[in-house]
Structures are given as C-alpha cells and as structure tokens.
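The values are calculated or read from the model by the stated rules, or taken from the named source; none is laboratory data. Treat the numbers as computed from the prediction; the structure is a model and nothing was measured. No Cβ is skipped: glycine too gets one built from the backbone with ideal geometry, and neighbour counts run over all protein chains shown. These accessible areas exclude ligands, DNA and RNA; they are computed on the full protein's heavy atoms, side chains included. Shrake-Rupley method; radii C 1.70, N 1.55, O 1.52, S 1.80 Å.
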Amino acid sequence: MFEKSLYDLIRGLRNHKGSEKEYINESIKECRKEIRSNDMDLKSTALMKLTYLEMFGHDMSWASFNVLEVMSSPKYRHKRTAYLAAVQSFRRDTEVLMLAENQLKKDISSPTPTVISLPLVAIPHVINPSMANSVLSDLLPRLTHSHAAIRKKTVVTLYRLALVYPETLRPAWPKIKERLQDDNEDPSVTAAIVNVVCELGWRRPQDFLPLAPRLFDLLVDSGNNWMAIKLIKLFATLTPLEPRLIKKLLPPLTKIIRETSAMSLLYECISGIIQGGILEAVEGTTEGEEVAKLCVGKLRGMMVIEGDANLKYVALLAFDKIVKFHPYLVSQQQDVILECIDDPDISIRMRALDLVVDMVNSDNLTAIVGRLMRQLRNAPIASATDDPTHDRGRMAGVVPYAESDDSDAEESLRPHEQKSDQPPPLPEDYRVNVIRRVLEMCSRDTYSNITDFDWYIDVLVQLVRVSPSTKAISTAEEEDAEETGDVGRRIGRELQNVAIRVKSVRAEAVDAAQSLVLVDRRDQMFPASGNGGLGVLDYAGWLVGEYANYLTKPEPVMTSLIHPTSLQLPSRTLAIYLQALPKVFSSMASNDQTSWTPERKILMSLLMARIIHFLEPLSTHPGLEVQERAVEYLELMRLAQEAASGTATGAEHEEFTDPPLLLTQAIPALFSGAELNPVAPGAQRKVPVPEDLDLDTPINPNLQSLLAQAELEGFETDEDDVYAAYTEPIASYTETPTAISAADRLDAPHKEPTSYQNAAEDEYLDPDIIARRKAERKERYKDDPFYIDPEVDRGSGAVTPLGKIVREGNMEVDIDSIPIMDLSFEKRGPSPAGDDHLSRTRSPRRPTRRVEIMGDETLGGDIAASNSSSREATVSPRLNHGPNKAKKSLLEVDSSGLGALSLDDEDGSRKLTRLDVERREAEEAEMRRALAEVERLRGWRLGVRRWLGRRRRR
Amino acid sequence: MINAVLVFNNAGQPRLTKFYTQLETSVQQRLISEIFTLVANRPNSACNFLPLPPLLANSSKSSTPTTPHNDTPSLVTYRHYATLYFIVISTSTESPLALLDLIQVFVQALDGLFENVCELDLIFNFETLHATLAEMIVGGVVVETHLDKVIEGVKAQGTVAKRPVNEGKGGMGFAGFGRGDGGVWAGR
C-alpha cells in the first residue's frame, strides 16, 4: 500500500483544487487505517496528517488513544508529533487522559532536555486536578534543572497547574521564589517568573508585597524592557496596598518616561501610574501635578505627534482609565479625542466612543452627538450580504482549498505594505453601538445633560433614519428583543420617555411619533433599504394613541394605522397599533360641541366602516394579542356604528343635535383618566398594605362546593353567558354613558392587580384557575370574588378600592388619593443621584435652560436607597449568573481558584485545617478511583490488543 | 496572559492555531473566521488592534477592554506580513505594544530558521512552526523574547527541514522588517 507523508498530503491538497472535500475525506480514511498499524513511523505520520487537518476543523478526537500510543514511542520524533497532536486535539472530555499520566511523569524525568520540554509544554493544555496532583512531585525537581530552558518552562507549567489545582503553590511557590531571589539565575528564567508573578499578582497582591524590594531592584537594574513592562503592571496592583511604594516608584518611573526609547515601556509606565492610583496619591503636591502633566502630555503626544495609529489606540485606552477619576485632565484633551471619533479606523473610533461617553457634559453634548450623527448619516449602510465572501461565520469548518497561485504563498514574510487604503464602510455593530451610545449619553441621569429637548427629538427621528436593519427575529426571541437590542425599539423608548417626562415638549414628541407613523412619509423617515428602525413604531404607535389629542393630523394618522401595509407589521407592533386605533378614533369622534349634522354622520360612518374593514381580517390573526384586541375593538366599532346610524341628525343650520353619547362619552371614557407617569422600579413594593386587607379569611367558605358546582355546569349556561356578555353591559353603555361607567371600567381587576394584590398573586396563579374562572362566570352579576369583602353584602355590589376612590372623588378621578400615586419629590431624602440632577437642571446658573423633567416616582423618603436596593433585587439573580461556569467567556482561563490560597509563608507552620484534611482525603479517594480506572482501561486495552493481534494473524 | 495565537493567510486559511484553553474544534473555526472577517476589512493604515469578535464580545458583555485585570480575553492584536496574518488574543495583563513586538520576534525567529521565510515554509513545516511558538509561549505565558534563544531552542530539537526543492521559491529581496523597524516601540 502506498502511504502518504504529510508533504504528500499537502501537495495533494493543492493539486485537488475543487475537490478538496473528497480528497480530505479519503485521506482521513487512509489515516484511520495507517494509525492502526504496528509500524510506529506509519502511526506517527498518520497522526501528523490528522493534526494538520484538525487545524481546518476536521475532528480527530477519535484518535486520542493512538496519540497515547505514539507518545510512548522511545523516538523523540514520534513523541514530538504525539505531544503536538495531544495539545491540538485533546478536549476537556477526552477520556484517555488519565492513561497519559505515567507517560507524562516518565518524560518529565527524562535525562534529555528536549524530551522534558515536551510534557512541560503540553501539560498546560491537558491538565486536570487529579493529574496535577500526581505530576506535581515530578515537576518540582525540574525547577533546579541545569538547563535554564527547562527551568523557565517548568515555572510556567507549575503556574498552569496551580490554576486547576491551587495546592500546587504550597510546595512550588517557595522554590519559585528562591529562583526569583537568586541574582545568578538566568535572566530568561527570572523574566518567566516575573511573567507568572504578574499573572498571580492581581489575584492576591498582598502575598507579593514582601517581594517588592527584589522586584524593585529588577525594575531598576535589569535593563530588560519586556520584564520591566510586566513589573510595572505588577506594581500597579501592589501600590494600592502599600502607599509607601509610590514614593519609591515615582522617581524610576518618571525617569523611564523621560528617557526610554521603547514606546511600549513608556506607555506601560504611564498606564501603571494611572492604574496604580499613583496620580491620586500624589494629587495636590507639586510633584503630583508634574507627574500628571507629564503623563497626559506624553499621551497627547502619542495621539498627535507620532501619527501612529497604534499609539493613538493605546493612548485612548489610557485616557479611558483616567477619565473616571480625573475627568478634567481628559477634558483638556477633548480636541484630539474628538478627532478620533472620526478616525477612519474602526478600532480607534470604538475606543474614542467609549471614552466620550464618560466625557460628556451639558456643554459638549450637542457637539459630540452632532459628530456621531454626521458620521452615521454620511456613511452608507453596509449590510452583511454586501460581502458574502467574508460571511463565513456559520460554516462548520474551513475547507483548505488549493491555492490558485503558488507564488502568493512564496512571498516572503518580510513585510511590504499593502496598497489598498480605502476606509471600510461602517459595520453594522459599530452603527448600533454608536446609536446606543448616543442614547446613553443623552439620557444619562434622567436627561440632565440635555438643555434643548426639541433638539433631542430631532436627533431621535434622525437616528431612526440611520438605523441598520435588524435580522428577522423569530417569534420566540421577540420578547428578548429589548435585551438583544433592536435599536429601533431603544430609540422609540427614548421618544416615549421624553414625551412622558418632559411635558413641555410632549407636543413635539407626539408630532415626531406622528410623522413616523404616517405611511406616506415612511420613505423619508426610515432607511431606504432593510427594515432598520421599524422597532420605533411600537412606541410611536403608542404615543399617537395615548396623546391623540396632541395630533395635528389625526386623519392621516388614522389612515396610516389602518393602512393595508400595517397588516405586514410584526404582531407586537400590530397589537400596539390596534390599541392606538380606538384612541385616535375617539379623539376624532368625541367632539360634543358640534352638532350631529348629516355630514358629520356620514363622515363618522365612513370612518367606522374603514376601521371595521381593517379589523375584520385581524380577528383571526395568529398573534393572540392582536386577535384579542381586534375582536374587542371590532365589537366596539360595530356598536358605535349602530349607535351612529341610529341617532337622527338635525337639519343643518338649525338647532343643536346631540351626537350619540357612545361616541362623545363612552368611548373617550375608556381611554381618559389617569395620566401615565414614570414610576421608579421598586415603588410598587413600597405601596403600604391597607390595614383592613385581610388575606387570611377565606373569601368564600364554600369555595370548594362552588368549584364543584362549576365543574358540573353545562354548555347551556355558558352560551347564556356569551349572550349576556354581549348584551347587558353594552346596553347600559348606550343608555347611561356616564363617567361612572368609565370608573367602573377601572375596577376591572386586571388593570391594577399587582400593586394591591401582590400577596394574592400566588392565589391568582392557582393551578385550578380554569375551574375558578368558571365559578366567576357563574357569579357574573357580582364582582370579582377577590375583591369582595366578606363582610359586605354581596347583593349591593362589591366595591374595589380603586373604584371606591373614584366614586368618593365626586365622579372625578382623583389620582392623588390612589395610594400608588401618592408620591412627592419633597419627600425625597438626600440622594446623590436624584438631587444632583435636580439641582443641575434647576440651577440658577442657567435659568433659560430649565426644563422640567419628571423623575421616577416612588414612595417613602430614601429614593437612592430604594432605587439601589430594588435594582439590586431585580438585578441580583443575573449577577449570580455572572461568575457561573456556563457564562464564562470563551478562551477564559479561570484563575479564581488562586484567590483562596495564601502564599504568605509567615504563617508557615501551615497546620492542616480540617478542610485541608478532608480535601486531601477526597483527593486520595479520587486518585484511587482514577488508578482503578486506569487499571481497568489497561486491561481493556490489552484485551483489545490481543483481539486485534488474533485478527491480524487470521 | 495569552489566550490564543493564530496564523492565517490572506484568504483566511489557517496556518497555525494554538489555543491555550481547551475549545471545541467547531468553536475554534468560528472564532478564526470571525477574526478573519474583522481583520480582512482593515486598511493598512489602521491600527493593529481589533475590536473583540462577536464570539468573545458576547461573553464579556461589554466591548471595553479596559476593565482592569481579569481572566477574560480583552485584546486582539494582529500583524500582517505579506500573505499572512498573525493574531494574538490576550487578557489585560499583557501590554498591547509589547505583544506587537512579540509577534515581530516570532516572525523574526521563523525568518532566522527558514532563511527568508514565506508562507510555503510554514505550510510544509507546521511542526517547526509549533515548536518555535512553544519556545516563546508556554501555556499562555511568555517564556522567551530573546531571538537567539528561541532559534537555539528550536534547533536543539533537530534540524529544521528545508522547503521542498520542487516547490520553488521566487527570489525575494526585502530589506528589513516593516513597521517595527527603527524600534519605535521596540520593547527589547
């Protein structure tokens, strides 16, 4: 049989242009055969080929056992191939790993340095806690190996061991420290140790303070810039613990800043001074001012003088760290930073964007937002489909294709600059990011930076036009859309927020919403291509409905709402439109000052006919919310239509004829009433429980029998039900459409349930909810049973708390007497956030800019405390998820295990605590288990061997 | 620490993949193509730092790589040499400018081993490529930055195979290295 070498494989790959897939599959098949042979050379070659193909995404996990076989070969060449294959292909769930343990131990103890290197390099990739425990004893002596190369690799390998098995550091750290303290140690080893210490340092900085003198000497004397960088990074974590270090560090650091020719070192010095809190520590002294000036000056220099994009980028990173503590230092550099917002390089723009969000204040907001808006408007909207060649993210694997032109690959790596120099179009996620940042900047601290809300509304409308299109969201994800960030919805929410909170511009906000809703203006208002920004319609639709009386053009709005294209909208938006529909209608139809002339009658009938025409097909819409609303309002409209046609018109120019009350009173009453105000999260929880609220007494002692009775109820009564539901309440409407009926509407238990009935909620969620509903239906002439006070005679009609308030309020909805709305700014305690923005917006300094912005409403005094606590309460479940394994970032190496282990050998007695003992016992037990498993697998392997041997002999 | 070192060519073909965390093969491939998409669109005048690819950005939630010291990869550094991109993904404990130098040393070491190295050398000698990297980075921690010592370490493992003769080799004459030349931020 002809066997391919790796070289043949690669050649073949390059010669099979167009049919690489078949070629690779064929090759893998061959490898499967070759790897089973007894010839170690053949096995090893096959392994090498597989490792090569693994790079392109071809699974080789099935060969893990063969990897171990080749690893045990006495030849270095074989070993090297096998170790590389192990590093590249072993995963967390690779089971044969424990079998490798003995081989690793053997190779670590090999007399040949190159052989020792193999396990040292491989262990970080494959280690697990039980193995770590076992190879530790073999690794430790390697710290004093005669070859520096072995010593430095051992140090790092021990560090990776410690990550999965923190106990490693108990025996290893003293030895590593010894190496570090040794002046005669090879500089490479010292540098490697410093790198490791730098990784360990930020986890447990206190343990490394005793080393500070030695580290300081290394920083000053070594002359190794690589190491100096790491040392400075390490010191930045130590200085917060030991302020005296700052005084000592400052002279050498400033000396480096002034003298070094290495830009990386210069930058890290500045970065270290910033991160180590040195600027804060020396603040106020002349020395401190000098240092700050030096750092900021150098950073500015990196941005302007050098003209090097990399320096610009890292300078922005450094500024980003300063801005939180020394905003004034950064704001002095505003000019150069703002330039970066328009940098052709996206990476730099992103950094600048992050930075300006923290720099923003009421003076520069307009300018910064203006720059960003210009950017969004001028760049064409790029979509992923523009560049299909680059959209390979979903591909399962990369197929190595034959290079068309070998000369390309022969090109020397010694660089020569690429020629193409055109700026990339704005990528979508950057666009989204910019829009989010603009909204974030503007809405910060309840709009404290905004002085001109008309401007803000214009910005919002403009943002809609530059929104990138969103991917089609499946219905399941639709609810998450807010989280995943459809920017259109975010913009809409801002518009809604402004309309509600800032009464003085409500008319303008509604006007903006109106222009967004209008169908014939959609081309102007939204991006030309894609579905970008359509999410804003959810909120615009709500606004035109809720504030229909602000509309300047209700008729076109109505036309747009019931436009055939509305049927194409996502069901969530459509549902909102449906809710807006009767609101707009009522604003158009409710005028009771003008006479019911024939002309008006015809107009109204026509309008209602159109609405009905729109609603009818929706009553079978697959979206339940849409369907429900469509059915409800369809009936309402039909009734109104009946009422309109049944009301005689007055002759023109004669006496006043009343329009139908259903139009002028009943329908408006459905939607008017309480003004909607922003409520702080957690405010509901602060609503005091009414003293007479008794949740323990059974509402109806005979509930069980009622339920049983309900079960027995037949269809007949149900049909009765339906009939009654259609007739009775409606009849009462047409006859006495007074404000009381509207108030009664408010009684509907599902309007305000949670605020009062928190405790009752679990009752509400009762599993036999269906049965109870039947019972409710039976009791339909009484009110909802939850609200019935058992003392009250049922016959007189129960009164809900809200209803009572409304009635007592002399037929007027007196919002102030509703407990949840009993809120006042004055009651607010001293809260930094709240007071801050209030004082800022109301400061006499700029009286012209004063805009009343409604804050979140809440109960009780301490808004800050309540806010934070409630936010915490709502957020904490997520936070708990944070450090969860599942949420761990890709590629992340978790070093949290080190946090618990003290390296401080001052308490060197190191008594074994009970925990330690237990842990050790557990480890030993695990070891025993593992060993047993190894034995078992070995037996199995032998068996397989024997079996294979027999088969071969046959 | 360093989380991954990747090398791929101008067409996105991987030439070296080294992940210092165990990662599913399919995820590796996705990450490679995401980074390639990011890097391929960049003009040459752009800086050598990439925004986080979606796979990494999602998990860390924020795109700011400035959260001081944590285990999450926050920095993607790259350099482009002729037909190849060299990528390093790292956490914030690494210095961005020093990483650029590190890539430079890596390429210089390869150049020293292969004499006027080109992509073909790396294709046919991918074991040597791995060996060179292993001399510089072990388990995500830099162990050597000194050019001679890296080359010495690789050579100690056996002779470095030469490019197959019939693969040919265009005569390339390039003087020195590009941007790192002149030691603007030479960390050595």
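Accessible surface for A:Lys503 stands near 120 Å², nearest 10, in the context of the full protein assembly shown (1.4 Å probe). In the complete set of protein chains, residue-level accessible area for A:Met71 is approximately 10 Å², probe 1.4 angstrom. Annotation: extensible slack from A:Arg377 through A:Arg521 equals 50.0 nm (criterion: 0.36 nm per residue apart, minus Cα-Cα distance). Computed from phi, the 3J(HN,Hα) profile of the stretch A:658-669 under the Karplus parametrisation 6.51, -1.76, 1.60 (θ = phi - 60°) reads 5, x, x, 5, 4, 6, 7, 10, 5, 5, x, 4 Hz, with x in place of Gly and Pro. For the stretch B:2-163, what is the Kirkwood estimate of the hydrodynamic radius, computed as the reciprocal of the mean inverse distance between distinct Cα atoms, to one decimal in Å? Its Kirkwood hydrodynamic radius stands at 16.1 Å. When the solvent-accessible area of the stretch A:99-204 is split by element, carbon and sulfur atoms take up 51 percent of it, the probe being 1.4 Å.
For the set A:Lys230/A:Lys324; A:Lys177/B:Lys155; A:Lys230/B:Lys149; A:Lys233/B:Lys155; A:Lys153/A:Lys298; A:Lys177/B:Lys149, the pairs lying more than 28 angstrom apart at their alpha carbons are A:Lys177/B:Lys155; A:Lys233/B:Lys155; A:Lys153/A:Lys298. Multiplying the residue separation of A:Thr565 and A:Asp342 by 0.36 nm and subtracting their alpha-carbon distance yields 76.4 nm. Assuming a ≥ b ≥ c are the square roots of the Cα gyration tensor eigenvalues, decide whether the stretch A:170-235 counts as rounded (a/c under 1.5), prolate (otherwise, with a/b larger than b/c) or oblate. Since a/c reaches 1.5 but b/c is at least a/b, the shape of the stretch A:170-235 is classed as oblate.
Specify whether the C-alpha gyration tensor of the stretch A:1-119 places it in the rounded, prolate or oblate class, a ≥ b ≥ c being the square roots of the eigenvalues: rounded for a/c under 1.5, otherwise prolate if a/b is larger than b/c and oblate if not. Taking the square roots of the gyration eigenvalues as a ≥ b ≥ c, the stretch A:1-119 is prolate.
The residues packed around A:Leu42, meaning those with a beta-carbon under 9 Å from its beta-carbon, carry a net charge of -3 if Lys and Arg are +1 and Asp and Glu are -1.
Spacing of the modelled spin labels on A:Ser362 and A:Glu625, each 7 Å from Cα toward Cβ, amounts to 3.7 nm.
Summing +1 for each Lys or Arg and -1 for each Asp or Glu, what net charge is found among the other residues whose Cβ lies under 11 Å from the Cβ of A:Pro251?
+3
Would you please classify the overall shape of the stretch A:107-186 from the alpha carbon gyration tensor, given that a ≥ b ≥ c denote the square roots of the eigenvalues, rounded means a/c under 1.5, and beyond that prolate means a/b larger than b/c while oblate covers the rest? Oblate. Ranking A:Met131, A:Met588 by solvent-accessible area of protein heavy atoms (1.4 Å probe, all protein chains present), from largest to smallest, gives A:Met588, A:Met131. How big is the Kirkwood radius of the stretch A:553-642, worked out from every pair of different alpha carbons and given in Å to one decimal? With all distinct Cα pairs of the stretch A:553-642 included, I get 13.4 Å. Subtracting the Cα-Cα distance of A:Arg91 and A:Glu599 from 0.36 nm times their residue separation leaves 174.9 nm of extension gain.
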